[in-house]
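Contents: one structure, followed by commentary.
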Amino acid sequence: MTDLSAAHDAAVTDRARLAGSAYSSDRDLAARQSLYQWQTPRYDLPGIVAEKLNNVRGRVVDIGCGNGKFLQRLRQDRPDLDLLGLDIAPGILAGVPGPVAVAEATRLPLATESVDAALALHMLYHVPDIAQAVRELSRVVTGDGLVIASTNSDQDKAELDDLWQRAAGDVLGTGRGPARISLSARFSLEKAPAYLGEEFSRVETIELPGSITVRDPEPVIAHMASYRAWADQHEVPFEATIDRARTMLADDIARHGAFEITCRGGILVCRR
């Protein structure tokens, strides 16, 4: 492991940074989520998760529930389920209807085989010890229980990475600047099956490819700016790079009529 990747891993998993800054409220998470309203095809991810839980009865825990987007949908579609949300960030839980609790994915406050399904949606890359978190998921679900995880591919939103490097290069005067931080790299769609396969004999990957098309820079800029909690990791003046990206994006849209972003995400449905 290089020093760069070690520093990246430390930044992406730093509990104080996650609880105190990145997810101290739902502002930045909501900015990342909102970009998908311009995606084609438009995936109803909470709806897909609810559908995968069709045959589940009893208790479902959403680990790393964030702003409660999935819990809210399940409360609406499946009022029969006993739902619990867990997250490491008290601030983001403040707006989530209970029951919720602050907890670590590597030390779940749940009895062995006490839940019928567990969700780990776009969060395992934030866990310092991913393998231990997967063992905990396996421990707390019943023998015939279900685990649903989600993440993005290593190729996800490559156009945003390119825009960032072009903007950073302009700010630094170096042509192309350093890459922006990737949150999902530690547990990408490509890496996830190996981690989950250590505990689950059946891991089904459902890819959800799409394309986001915007004709206004602001949704993209809000998404890029939502990484402000990791501004110190970008090796470039963060706000100046965001401002430069906004100008470049406006120019691209004026020239081509729109800006397209390729999305490569997916969910993984796991059984023993």
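Where a ≥ b ≥ c are the square roots of the eigenvalues of the C-alpha gyration tensor, would you call the range 39-94 rounded, which needs a/c under 1.5, or, failing that, prolate if a/b is larger than b/c, or oblate? Note, shape of the range 39-94 comes out oblate. Taking every DSSP helix (H) stretch of at least 4 residues in the chain, weighting each as -39,500 (n - 2.57) and dividing the sum by the residue count yields a mean residue ellipticity at 222 nm of -10500 deg cm²/dmol. Compute the helix-to-body angle for 130-140: its Cα long axis versus the longest principal axis of the chain, expressed 0 to 90° and rounded to tens. Compared with the principal axis, the helix lies near 30 degrees. A Förster radius of 22 Å, combined with the Cβ-Cβ distance separating Asp77 from Ser201, puts the computed FRET efficiency at roughly 0.20.
Angle of helix 238-256 to the longest C-alpha principal axis of the chain, folded into 0 to 90 degrees and rounded to 10: 80°.
Note on Lys52: lysines with a C-alpha under 25 Å away, same-chain residues under 8 apart excluded, are Lys69, Lys191. Taking the longest Cα principal axis of the chain as reference, the axis of helix 3-13 is set at about 50 degrees.
Remark: the chain is approximated by an ellipsoid whose semi-axes, taken from the C-alpha gyration tensor as √(5λ), come to 33, 20, 17 Å, largest first.
The numbers here are math on the coordinates, done by the rules we state, and not lab data. Please read these numbers as outputs of a predicted model, since none were measured by experiment. When we count neighbours, we look across all protein chains shown, and the Cβ atoms used for this are built from the backbone with ideal geometry, even at glycine.
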